[in-house]
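The structure appears right after this line, and notes come after that.
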Amino acid sequence: MLISLWEFFYGHFFRFWMKWLLRQMTGKCELQRIFDTCVGAQRTHRIENSLTYSKNKILQKATRVAESEVDRCVKDIMKVKNINPEKDTSFKICMRACLLQITGYKQLYLDVENVRKRPYDSDNAHHEKLLLKLWNLLMPTSKLKSRISKQWADIGFQGDDPKTDFRGMGILGLINLVYFSEKYTKEAHQILSRANHPKLGYSYAIVGINLTEMAYSLLKSEALKFHLYNFVPGMPTMEHFHQFYCYLVYEFDKFWFEEEPESIMYFNLYREKFHEKIKRLLMDCNVVLTLKI
């Protein structure tokens, strides 16, 4: 209750007068002061909050513009805030970079969501080609005898036909598995081998799809903002999402064997423990989670 009251009075009264007082003292608007004092993800995050909670409609809409409208939007912001480009030569560059990151994050979520919503279709030649590519990447010396086969269990699928395992994450789950196996083939083989451990083993493909869900949920909840704002100087893309997924796969395997669960039956418990660990790391405004081998 007290927190809600503080947020209301701060947002409607104190913030306005504080900004006015600071502008009189420094001769600069809040956006300029942020650029002067902050760097990296903290800068972009504070700029995003300032624009979002502004009472000016032009500033509010700035966080939702398309990439093609960013330059025009920066000019509009400078006009509204009465910023002289000759006196503040860096403002335009800094604001453009921040807007690309802010709007790019929103676009990345939409792109990922569109792929996730696309179900695996066994009648789609591209989907089938991707699935067979996954097999060939992970099992280069073992020929798949037929499309419907118990061999799929060798790389961690539950049934004879992997398509049923992609229902939750759609084609996104397969794309991530292929991406990791192609970009980090040596590591993928090592992790698959460890996943077949007689005591600590787990279903490689199923866990991989589960980690796709984790990466997706972190993106959706905006928990990836600090990481992507630090990692990507402009607009984040699907490539950056896939790279974060690779980090999760590699780190989860290490985490699993360090924890030494008594049984695969405890997977959900340790999965959530790993999830909480990642969320704590992502709360650091200086965080950059990349796969380092």
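The values are calculated or read from the model by the stated rules, or taken from the named source; none is laboratory data. All figures in this text were calculated on a predicted structure; none of them were measured in a lab. With ideal geometry, Cβ positions are generated from the backbone for all residues, glycine too; neighbour counts draw on all protein chains shown. Surface accessibility is based on the protein's heavy atoms, side chains included, excluding ligands, DNA and RNA. Shrake-Rupley method; radii C 1.70, N 1.55, O 1.52, S 1.80 Å.
Placing a label point 7 Å from the Cα of residue 190 along the Cα-to-Cβ direction, the residues of region 228-258 whose backbone N falls under 20 Å from that point are 243-258. Note on residue 269/residue 126: beta-carbon distance plugged into 1/(1 + (r/R0)^6) with R0 of 35 Å gives a FRET efficiency of 0.40. Within the chain, what whole-number % of the accessible surface is contributed by carbon and sulfur, with the 1.4 Å probe and all protein chains included in the calculation? Reported share for carbon and sulfur atoms: 54 percent. The C-alpha atoms of region 96-247 occupy a region whose extents along the principal axes are 54, 35, 23 Å, arranged from largest to smallest. The simple spin-label model puts a point 7 Å past each Cα toward its Cβ; for residue 182 and residue 142 those points are separated by 2.2 nm.
Helix content alone sets the calculated 222 nm mean residue ellipticity of the chain: runs of n ≥ 4 DSSP H residues at -39500 (n - 2.57) each, divided across all residues, give -20000 deg cm²/dmol. Once the 1.4 Å probe is applied to the protein heavy atoms, region 84-172 comes out at 56 Å² accessible per residue. Against the chain, whose longest principal axis comes from its Cα atoms, helix 125-138 is set at around 70 degrees. Between the alpha-carbon centres of region 195-249 and region 31-103 there is a gap of 29 Å. With a cut-off of at most 11 other beta carbons within 10 Å, and DSSP calling the residue loop, which GluC sites (Glu not before Pro) in region 245-293 qualify? Please list them. Taking region 245-293 and a limit of 11 other Cβ atoms within 10 Å, the loop GluC sites (Glu not before Pro) found are 262. Shape call for the chain from the C-alpha gyration tensor, a ≥ b ≥ c root eigenvalues: rounded (a/c under 1.5), prolate (a/b greater than b/c) or oblate? Cα axes put the chain in the prolate bin.
Relative to the longest principal axis of the Cα atoms of the chain, the long axis of helix 185-195 lies at roughly 60 degrees. The calculated FRET efficiency for residue 254 paired with residue 75, based on their beta-carbon distance and R0 = 45 Å, is about 0.40. Taking other residues whose beta carbon is less than 11 angstrom from the beta carbon of residue 120, and scoring Lys, Arg as +1 and Asp, Glu as -1, yields -2.
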